[in-house]
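K.L.:
Just dropping this structure here.
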Amino acid sequence: MRTLSTPSPALICPPNLPGFQNGRGSSTSSSSITGETVAMVHSPPPTRLTHPLIRLASRPQKEQASIERLPDHAMVQVFSFLPTNQLCRCARVCRRWYNLAWDPRLWRTIRLTGETINVDRALRVLTRRLCQDTPNVCLMLETVSVSGCRRLTDRGLYTIAQCCPELRRLEVSGCYNISNEAVFDVVSLCPNLEHLDVSGCSKVTCISLTREASIKLSPLHGKQISIRYLDMTDCFVLEDEGLHTIAAHCTQLTHLYLRRCVRLTDEGLRYLMIYCASIKELSVSDCRFVSDFGLREIAKLESRLRYLSIAHCGRVTDVGIRYVAKYCGKLRYLNARGCEGITDHGLEYLAKNCAKLKSLDIGKCPLVSDTGLECLALNCFNLKRLSLKSCESITGQGLQIVAANCFDLQMLNVQDCEVSVEALRFVKRHCKRCVIEHTNPAFF
């Protein structure tokens, strides 16, 4: 006869450190754990509480806490707001609470935090308990977040891949010990995976349905990886060939973030556009080899593109901006901070073709002046966020034109700009909800 067991909170939460939660609220522990770590698993508590303190605090039936009178479905609803470490503690109160705390509906999400936690072991224990009613699989678990757990290895991800076929969201940001092998296990065994965050995982260079990262074939036997959201920020080993393989296997991508993937070039973007025609949000910030030719490829996304970040891509000029503005008329967000080759001409073309622009960052673009700003204000009336940080040619006159036309402006960054106090007050009068970030000590 199988004995019921539950992971100990002490396994999940090291002393005085936050544990992991089930996706609701923060992972703050209400009480610290002292002494040695208790056993990894334990039997469910007896039906009646026998702790000495509880016996002393016992009262007549009519004075008992009303929570005991709540029906099971109400208790489950209460438990749904608890972080996972507290759920484990509740499971130790009594047999009824044990059964309710391990209701599968409460375990759609697991979140682990902490650099020192033995995350591989915690995942193994938790999945084993969750598989108790459905041997070898956790049918309810859809989200696993272990971002920042530096002790996570391929073994921990393999546990998730083996036991969680319904997984839809996986976040392993900053887990630098995982490799392509672990990612292969997850995408191969979790066909419903839609959201994958491997930012900061420097060993990850490819995501495919083949173990060999160098294979450039189309998806094997017509299979596709269903990932729509992929964040590979700071995967600085990623190269064009790896991006080619990713694009060939992840054709349903709509959100792709490649910030600081410094080895990528225009050729990688060409591969991306061949296979992934549905991208809505794309970031290639700090990819220093991306140039106007790369933006010409990005422009092939046409009206589907809504978000584009090319910050600090020093090889981008007005030519690349014209490509994007001409074909991507529904662009809502553009971050071109640090693209020093952009001038008033590029800004004018952008304003006339992307009239629905809501957010624009052209900070540290020294060639942008009041002339370009005026054209922007007269065409993009829906502008809500504008950053002009360190734009040396911007003056108060340009800001006043913006304020007089963009009434919905909510954020304006003019730090390190030569702007008078009168101009800032003019902006505040016309855009009452606008938060102004500035470096003028006379304005408050």
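So that you can scan it fast, the table gives a plain yes or no per residue for (1) under 18 Å from the mean Cα position of the chain (by Cα); (2) in contact (Cβ under 8 Å) with a residue 24 or more places away in the chain; (3) not in a loop (DSSP other than H, G, I, E, B):
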site: 242; (1), (2), (3): no, yes, yes
site: 260; (1), (2), (3): yes, yes, no
site: 272; (1), (2), (3): no, yes, yes
site: 278; (1), (2), (3): no, yes, no
site: 285; (1), (2), (3): yes, yes, no
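K.L.:
Taking the condition part of a helix (DSSP H, G or I), open to solvent by 20 Å² or more (accessible area, probe 1.4 Å) and either on the phi < 0 side of the Ramachandran plot or at pLDDT below 95 (or both), does residue 322 pass?
P.N.:
So residue 322 fits the description; yes.
Results for (1) modelled with pLDDT of 95 or more; (2) open to solvent by 30 Å² or more (accessible area, probe 1.4 Å); (3) touching a His at 6+ places or on another chain (Cβ under 7 Å); (4) not small (Gly, Ala, Ser), shown as yes or no for each residue.
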{"position": "265", "(1), (2), (3), (4)": "yes, yes, no, yes"}
{"position": "272", "(1), (2), (3), (4)": "yes, no, no, yes"}
{"position": "283", "(1), (2), (3), (4)": "yes, no, no, no"}
{"position": "287", "(1), (2), (3), (4)": "yes, no, no, yes"}
{"position": "290", "(1), (2), (3), (4)": "yes, no, no, yes"}
{"position": "295", "(1), (2), (3), (4)": "yes, no, no, yes"}
{"position": "301", "(1), (2), (3), (4)": "yes, no, no, yes"}
{"position": "306", "(1), (2), (3), (4)": "yes, yes, no, yes"}
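K.L.:
Quick one: is residue 381 in a helix (DSSP H, G or I), of a type in the set (Phe, Trp, Tyr) and farther than 16 Å from residue 316 by Cβ?
P.N.:
Considered against the rule, which asks whether it is in a helix (DSSP H, G or I), of a type in the set (Phe, Trp, Tyr) and farther than 16 Å from residue 316 by Cβ, residue 381 comes out as no.
K.L.:
For residue 393, indicate whether it is modelled with pLDDT under 95, surrounded by 15 or more Cβ atoms within 10 Å (Cβ to Cβ), within 28 Å of residue 283 (Cα to Cα) and small (Gly, Ala, Ser).
P.N.:
Spelling it out, residue 393 is indeed modelled with pLDDT under 95, surrounded by 15 or more Cβ atoms within 10 Å (Cβ to Cβ), within 28 Å of residue 283 (Cα to Cα) and small (Gly, Ala, Ser).
K.L.:
While we're here: Identify, from the list 405, 335, the residue that is out of contact with any helix residue (DSSP H, G or I) (no Cβ under 9 Å at 6 or more places or on another chain), among the polar types (S, T, N, Q) and either buried (at least 17 other Cβ atoms within 10 Å of the Cβ) or over 22 Å from residue 420 (Cα atoms) (or both).
P.N.:
Values: 405 fails: out of contact with any helix residue (DSSP H, G or I) (no Cβ under 9 Å at 6 or more places or on another chain).
Unique residue meeting the criteria: 335.
K.L.:
Still on this structure, please answer the following. Checking the conditions here, which among 347, 367, 373 is assigned to a helix (DSSP H, G or I), under 24 Å from residue 286 (Cα atoms) and in contact with a Gly (Cβ under 9 Å, 6 or more places away or on another chain)?
P.N.:
Among 347, 367, 373, only 347 is assigned to a helix (DSSP H, G or I), under 24 Å from residue 286 (Cα atoms) and in contact with a Gly (Cβ under 9 Å, 6 or more places away or on another chain).
The values are calculated or read from the model by the stated rules, or taken from the named source; none is laboratory data. Everything numeric in this text was worked out from a predicted model, so none of it was measured. Glycine gets a Cβ as well: all are built from the backbone with ideal geometry, and neighbour counts include every protein chain shown. To get the accessible areas, we keep the full protein, side chains included, count just its heavy atoms, and leave off ligands, DNA and RNA. Shrake-Rupley method; radii C 1.70, N 1.55, O 1.52, S 1.80 Å.
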